[in-house]
Amino acid sequence: MANLGDLLRQKMNELEKAEAELEETEKMNSSKRHVHATLIHAWAEGAEIEYRLPGINRWEKSEHPSWGVEIDYRIKSKVVAVRIAVMMGEDGNEWLEIESPSYAQHEHHLDHKSEFNYWLTDWLHIDPKTGEINGS
């Protein structure tokens with residue numbers, strides 16, 4: 001019959017072995033996490049996803065992403081629409097002002113001001129995350 005000390009040592013060894021196996025399993029599972037896992041979860045929750053193929057510097061909407069590891073994916077950015085006006089004071093000095101749709105909706109159109117000279121741009125759509133600019 002084994003004494004109490006031997007039984008305790010045996011149980012401690014078994015426990016240490018089980019903990020080591022659990023640690024190894026957790027390491028394996030974390031290394032198996034898909035490279036796009038966070039985006040996959042966001043897509044499943046309704047986020048719009050865009051993709052960019054290697055060597056192409058243009059993002060496209062992806063209705064049904066393939067989640068290939070060689071493809072870049074991102075959550076579609078919210079774009080900000082603005083247009084730029086050239087304003088002119090009575091003294092002939094010019095300056096630029098930016099108008100956004102929310103500002104224009106409140107009857108504050110820059111082209112209704114006496115200082116308005118001309119629109120320098122049409123509506124521009126700017127991605128605040130990347131700084132990319134697309135015209136309308």
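Overview of results
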read-out	value
In the stretch 49-78, the residues that are aliphatic (A, V, I, L, M), under 14 Å from HIS36 (Cα atoms) and without any contact (Cβ under 8 Å) to a residue 24 or more places away in the chain	ILE71
Residue among PRO101, PRO54 that is assigned by TED's automatic domain parsing to the domain that holds ASP127 and closer than 23 Å to THR130 by Cα	PRO101
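The values are calculated or read from the model by the stated rules, or taken from the named source; none is laboratory data. Everything numeric in this text was worked out from a predicted model, so none of it was measured. In this analysis, Cβ positions are derived from the backbone assuming ideal geometry, glycine residues included, and neighbour counts consider all displayed protein chains.
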